[in-house]
Amino acid sequence: MDTILETKELTIAFGGHVAVSEVNIQIERNKLKSIIGPNGAGKTTFFNMISGQLKPTKGQVVFKGKDITKMSPTDRTRMGIGRSFQITNVFPHLTCHENVRLAVQSQKGIFYNMLSHFTSLKEVNDKATKFLETVLLDNKAQELAVNLAHGEKRKLEIAMLLALETEVLLLDEPTAGMSLEEVPMILDVIRKIRDERKRTIVLIEHKMDMIRDLSDSIMVLFHGKLLADGDPEEIMKNEQVQKAYLGGLHNDAS
């Protein structure tokens, strides 16, 4: 197994409450792993430790063999771990192309003094266009981000993560807040990126049926503990997982 990201005994406690407890997981390079679990399972907390927003009480996060547990979120992004949040994070008063172009420039270290010459930077513009095509937004290149539908903003955010040349995409409930019509569009984008097999995707979702056909493997968190980890069929048949879902869907915290 070609592991790109792993956690060892990853644990975090807030006061006396252990939110995530001794989770050991290995994530395979260029595969899609989904993290599922009922509300309150610790999914977002676990994600926050991988991306650096939270520091664990105990344990390690290892990326490509290197211990990154004490690294900042910014340093992790520079290393190749990109994170989306439940709330979209784009520049509303720039066009879609400008949003992605800035991410390309950031990745290449092209900063403010060169912004006025951006039209001559053909490579940068071409890359921005390519990433918009990947997320099926090339027809909205000159549209201001503020005018996009929620699902389109999600797609733009993914394009920006791709433009940062991230090797691992951490997607936190990518369909959150979307209308039923928008959900298939974002799943198509994620499927397209998965099928290229150039990046590792880790996504959080609590709707099991949504990620069944999308995932190479699924890990299940329940009350902060790793309940199961395996291929989708194995997870769907797991009695403990079925009980966790049937009994745990009415908790509030995430």
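The values are calculated or read from the model by the stated rules, or taken from the named source; none is laboratory data. The structure presented is a predicted model; accordingly, all values stated were derived computationally and were not measured. FYI the Cβ positions are ideal-geometry reconstructions off the backbone, even for glycines, and counts take in every protein chain you see.
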Can you find even one residue in the range 192-208 that is over 22 Å from G82 (Cα atoms), at pLDDT below 95 and of a type outside the set (A, V, I, L, M)? yes
Among (1) farther than 20 Å from K192 by Cα; (2) at pLDDT 90 or above; (3) over 23 Å from the mean Cα position of the chain (by Cα), D126 falls short only on (1)
Suppose we filter the range 146-197 for residues that are over 17 Å from R29 (Cα atoms), out of contact with any strand residue (DSSP E or B) (no Cβ under 9 Å at 6 or more places or on another chain) and charged (D, E, K, R); how many remain? 6
Identify the single condition in (1) modelled with pLDDT of 90 or more; (2) closer than 20 Å to P92 by Cβ; (3) aliphatic (A, V, I, L, M) that A176 does not satisfy, given that it satisfies every other one. (1)
Just checking, which of G16, G52 is among the small types (G, A, S) and touching a residue at least 12 places away in the same chain (Cβ under 8 Å)? G52
Out of A159, A163, A228, A244, I need the residue that is touching a residue at least 12 places away in the same chain (Cβ under 8 Å), within 25 Å of E9 (Cβ to Cβ), of a type outside the set (V, I, T) and touching a Phe, Trp or Tyr at 6+ places or on another chain (Cβ under 6 Å). Which one? A244
